[in-house]
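K.L.:
Mind looking over this structure? Questions follow.
The values are calculated or read from the model by the stated rules, or taken from the named source; none is laboratory data. All values derive from a computational prediction rather than experimental measurement. Using ideal geometry, Cβ is built from the backbone for each residue, glycine included, and neighbour counts are taken over all protein chains shown. The accessibility values were calculated without ligands, DNA or RNA, using every heavy atom of the protein model including side chains. Shrake-Rupley method; radii C 1.70, N 1.55, O 1.52, S 1.80 Å.
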Amino acid sequence: MTLTIWVDDWQIQCCGQSFAPGDVVSWTLLEVDPENYADIVGSERAHEIDFREEHHGQGEGHSPTSVEVVSIAEVHCRYEVPPGATDNVDYPVPGTTVLVPAKEADGWAKARPDVSFAGYLVTARRATDGPEDAAACGR
């Protein structure tokens, strides 16, 4: 069974480690509300997201989970101030998502016309116990 994990661009840029398909990583995974990602990745794809990766304190009380990275997609979308907004804050514009398959995630992505890099959608599976772990557990 695979999991879909959202990884924010800034989480990796700040102090995360790069990763690639085939890597086993240990991440704090927090459950998500798909509606929080609908404008960035689209409603249908947002409902596929199982968890988000967190390593900046919000995951306190959650043990890291080892997962094997299966695939990575860069997520880009357009940001702008919504019409009628009273503040000058850019928000994702629904329907502008561009997904780009990636061979590695390091928090940075090649610039794309009319969209900005937002993060990664990572397909992963829970890492299985290695032979040493299985023997130690009596399996």
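K.L.:
Name the single residue, out of those in segment 107-123 being among the hydroxyl-bearing types (Ser, Thr, Tyr) and touching a residue at least 60 places away in the same chain (Cβ under 8 Å), that is least open to solvent (accessible area, probe 1.4 Å).
P.N.:
TYR120
K.L.:
If THR65 meets every condition in (1) without any contact (Cβ under 8 Å) to a residue 60 or more places away in the chain; (2) closer than 13 Å to TRP27 by Cα; (3) surrounded by 12 or more Cβ atoms within 10 Å (Cβ to Cβ) apart from one, which number is that one?
P.N.:
(1)
K.L.:
Okay, moving on. Restricting attention to segment 1-16, does a residue exist that is among the aliphatic types (A, V, I, L, M) and in contact with a Gly (Cβ under 9 Å, 6 or more places away or on another chain)? Walk me through how you get there before you give the answer.
P.N.:
Just the residues of segment 1-16 that are among the aliphatic types (A, V, I, L, M), to begin with: 1, 3, 5, 7, 12.
Imposing the further condition that a residue be in contact with a Gly (Cβ under 9 Å, 6 or more places away or on another chain) reduces the set to 7, 12.
Looking through segment 1-16, at least one residue is among the aliphatic types (A, V, I, L, M) and in contact with a Gly (Cβ under 9 Å, 6 or more places away or on another chain).
K.L.:
Contact list please: Cβ distance under 7 Å, first residue in segment 82-106 and within 22 Å of ALA46 (Cβ to Cβ) and part of a loop (DSSP other than H, G, I, E, B), second residue at pLDDT 95 or above and among the basic types (Lys, Arg), pairs at least six apart or on different chains.
P.N.:
From segment 82-106, the pairs are VAL93/ARG78; THR96/ARG78.
K.L.:
Which ones in segment 22-40 are in contact (Cβ under 8 Å) with a residue 60 or more places away in the chain and open to solvent by 60 Å² or more (accessible area, probe 1.4 Å)?
P.N.:
VAL24 - this is the single residue of segment 22-40 that is in contact (Cβ under 8 Å) with a residue 60 or more places away in the chain and open to solvent by 60 Å² or more (accessible area, probe 1.4 Å).
K.L.:
Counting only residues that are touching a Phe, Trp or Tyr at 6+ places or on another chain (Cβ under 8 Å) and open to solvent by 40 Å² or more (accessible area, probe 1.4 Å), how many does segment 68-84 have? Please lay out each step first, then the result.
P.N.:
If we filter segment 68-84 for residues that are touching a Phe, Trp or Tyr at 6+ places or on another chain (Cβ under 8 Å), which is where we start, we get 69, 72-76, 79-82.
Within this subset, residues satisfying the condition of being open to solvent by 40 Å² or more (accessible area, probe 1.4 Å) are 79-82.
Counting residues in segment 68-84 that are touching a Phe, Trp or Tyr at 6+ places or on another chain (Cβ under 8 Å) and open to solvent by 40 Å² or more (accessible area, probe 1.4 Å) gives 4.
K.L.:
Of all residues in segment 51-62 being modelled with pLDDT of 80 or more and of a type in the set (Asp, Glu), which is surrounded by the most Cβ atoms within 10 Å (Cβ to Cβ)?
P.N.:
Taking the candidates together, the pick is GLU53.
K.L.:
Is one or more of the residues making up segment 3-13 surrounded by fewer than 17 Cβ atoms within 10 Å (Cβ to Cβ) and modelled with pLDDT of 95 or more? Don't jump to the end; show me each part of the working.
P.N.:
Step one: of segment 3-13, the residues surrounded by fewer than 17 Cβ atoms within 10 Å (Cβ to Cβ) are 10, 13.
Next, only the ones that are modelled with pLDDT of 95 or more stay: none.
For segment 3-13, residues surrounded by fewer than 17 Cβ atoms within 10 Å (Cβ to Cβ) and modelled with pLDDT of 95 or more: absent.
K.L.:
While we're here: (1) in a loop (DSSP other than H, G, I, E, B); (2) farther than 29 Å from GLY95 by Cα: which one isn't true of SER26, the others all being true?
P.N.:
(1)
K.L.:
Quick one: how many residues across segment 124-139 are at pLDDT 90 or above and either closer than 19 Å to TYR37 by Cβ or open to solvent by 60 Å² or more (accessible area, probe 1.4 Å) (or both)?
P.N.:
So the answer is 3.
K.L.:
Given the criterion out of contact with any strand residue (DSSP E or B) (no Cβ under 9 Å at 6 or more places or on another chain), of a type in the set (D, E, K, R) and not in a strand (DSSP E or B), identify the matching residue among GLU35, GLU48.
P.N.:
Exactly one of GLU35, GLU48 is out of contact with any strand residue (DSSP E or B) (no Cβ under 9 Å at 6 or more places or on another chain), of a type in the set (D, E, K, R) and not in a strand (DSSP E or B), namely GLU35.
K.L.:
For the list (1) at pLDDT below 95; (2) of a type in the set (D, E, K, R); (3) open to solvent by 80 Å² or more (accessible area, probe 1.4 Å), I need the number of the one condition that GLU48 fails.
P.N.:
Exception for GLU48: condition (1).
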